[in-house]
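Read the figures in this text as sums done on the coordinates, not as results from a lab. For clarity, every value in this text was computed on a predicted model and none was experimentally measured. Positions of Cβ are backbone-derived with ideal geometry, glycine not excepted, and every protein chain shown enters the neighbour counts.
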Amino acid sequence: FSESAESVAQLLTKMCLRSEVGGEDDRIQVEIPPTRSDVIHACDIMEDAAISYGFNNIVRTTPRTYTVANQLPLNKLTELLRQDLAAAGFTEALTFALCSEEDIANKLGKNIAETRAVHISNPKTAEFQVARTTLLAGLLKTVAANRKMPLPLKLFEISDVVLKDETRDVGARNNRRLCAVYYNKSPGFEVIHGLLDRVMQLLDVKPGCNHGYHIQAAEDSTFFPGRCAEIFSRGKSIGHLGVLHPDVINRFELTMPCSAIDIDIEPFLLPAARISAGGLQMYLPQFHLLSEITSHAPIQWTACIQKFGNKASSFARNGFPGACKAFSSTARCTFPLLYFSDKAPLNAIATDRGHKRKLDETRDEENLGADNDEDGGSSKDSNEGSSSEADEMAAALDAELNDFM
């Protein structure tokens, strides 16, 4: 609705929000009574103004912009990583976003003054004093609460941490991070290192110093001296991994060695390529399982979605001409996406349910027809037969793809 500042002030006053217009720019000063604890942002005030005006009195209009709802790429990446980490044998934990100052400082061997933690002005309990700056403290507390469970304990969490940021309007920002711990009678550094390699494999980041990822020896008070490494991806530091310091383990009331990894996953969301061909545009994030495609005429594309099992690896072995590689070459993939053009030779596409034999027969018949043409045979009849067989194979392949989807 389009109302004047004076009219909006009157609407807010009707909602027990005493308001008045002041200043040359028609700003409205609103007084929030102590009984309205639900008003915490400017949008809450505008909601009250709309309620006072009456939602039924708002005239329906066509939106000026056309948008299509879609999942945030960061959340999509997070969900895919969660599934693969669970497949790697780790159990997901969900911990509180608030914690005590000791959890992120003293217990981890840090100084609270050096952390970019957001403090709660009036904490109700000592357990919720600051917003967490790392996921490690919550996972260690979870391990401490489950010490009686069979070893080893392999936990992970992919969630947001809160960091101070003076460039933001609220003075802080969220940062999506991945953290995993391995608790057993032995430190298990090789397990955490293997998990890092698996994550980088899923993110399609090759080992390397310049354009890939590598680890470098580092010193951190949270980790045992000489057993800590800093993780770099494309020349940028994204986190640490190593064996936790014995003092840190004791402060969380643990009695066995523990190794951990803590990395930032937001840098992997940068777009890697934008391909345009014949009216078709494809956006390829660095996480190759997240390839999104929008098809436009005249080129037609087919998407084959396979969730679990060895069928995906069969596709990887047989291959698709003209296909965009959008899946991991390992035997167990999660949501691999294959995109291939309908213009690709049909007899070169094979599946794992017997169509390979049929396609080979079609190819033999085509070759036989070509030989007959050289001997003076009718090429027209041969082409019609090949076309008919190709249509049958196309129908069989479409049925096969429908079973996958």
Two pseudo-spin positions, 7 Å from Cα along C-beta at residue 4 and at residue 67, lie apart in nanometres by 3.2
Quick numbers on segment 1-94, Rg and Dmax over C-alpha atoms in Å, give 21.6, 63
Taking only the alpha carbons of segment 33-77, the radius of gyration and the largest Cα-Cα distance, Dmax, both in angstrom, are 16.4, 42
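Size of the dipole of segment 38-129 about the Cα centre, Lys and Arg at +1 and Asp and Glu at -1 on the beta carbon, nothing else charged, in debye to 20?
Dipole of segment 38-129, to the nearest 20 debye: 360 debye.
Taking segment 40-113, which chymotrypsin sites (Phe, Trp or Tyr not before Pro) meet the DSSP loop condition and have no more than 14 other C-beta atoms within 10 Å?
Details: sites: 53, 55, 66, 90, 96; in loops: 66, 90, 96.
In loop regions of segment 40-113 (DSSP not H, G, I, E or B), the sparsely surrounded chymotrypsin sites (Phe, Trp or Tyr not before Pro) are 66, 96.
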Within segment 27-177, pairs of Lys residues whose Cα atoms are less than 26 angstrom apart, provided they are eight or more positions apart or on distinct chains, add up to 15
For the pair residue 97 and residue 37, the simple spin-label estimate (label points 7 Å beyond Cα toward Cβ) gives in nm 1.9
